[in-house]
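The values are calculated or read from the model by the stated rules, or taken from the named source; none is laboratory data. Predicted, not measured: the structure shown is a model, and the values here were computed from it. Positions of Cβ are backbone-derived with ideal geometry, glycine not excepted, and every protein chain shown enters the neighbour counts. Note: accessible area is taken over every heavy atom of the protein model, side chains too, but ligands, DNA and RNA are not part of it. Shrake-Rupley method; radii C 1.70, N 1.55, O 1.52, S 1.80 Å.
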Amino acid sequence: MNSNLIRIILLRRILFTAFILFLIHISAICVRAQSSADDLLYRKFRVTLVPGLSTNGVDADRYNAKYSLNLLAGYHGGLEGYELGLVNINKYFSRGIQAGLLNITGGEMSGVQLSGFGNLSSGELSALQFSGMGNISGSGMEGLQFAGFGNLGAAEMSGMQMAGLMNISGNDMEGLQFSGIGNLSGGDLSGLQFAGIFNLAGGNSQGLQFSGITNIIGGSAEGS
């Protein structure tokens, strides 16, 4: 691998890491430490201009709803239905469909997240994430991630990741990864990796790797 290629790969990783840190920074500011979602109150509809200016007032994080409209940005307790806005944030969980520029869930996410910039679920993800830039699952992921830039599953992944640049599974990966630059699996690989430049599996592999430059397996390999 020549020095120019190494520099390109390092630059891509730096950019992707910066994007991840940016989203985590936003979530750290907007999504406060979780306590319990069991005590959430319920209202079928809610409308928000910005956090604090909503039909649920300054206590919006104590409410769950079925229909949610955030004209600029909304910060709520939970969602069990449909949410539309520029920035959609739910403290405890999101179960349904979120559509906006940026979607953040402080707990588990099950459903669909559609965004122009990014989607973040800090808890378990059983959903579809579509984003113009990137998607992040902070815990185990079972579903699909599609992004123009990159996808990150911080723990085990079972499903599919497709990205213009890079996909990362922090632990075992069972499924498919497709990217223009590279795919990373921190644990065992049981599936397929397709990349324009490189694929990396940190553990054992019982799958297939296809790339334009190199494939790397940290453990033993079967089938690649």
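Here are the numbers for this structure:
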| item | result |
| --- | --- |
| Fraction of accessible area attributable to carbon and sulfur, the range 65-224 (%, probe 1.4 Å) | 62 percent |
| Burial ranking of peptide ranges 112-118, 66-72, 55-61 (average Cβ count within 10 Å, highest at the top) | 112-118, 66-72, 55-61 |
| Enclosed volume per residue, in Å³, of the convex hull spanned by Cα atoms of the range 129-224 | 54 Å³ |
| Accessible surface, the range 100-188, averaged per residue in Å² (probe 1.4 Å) | 29 Å² |
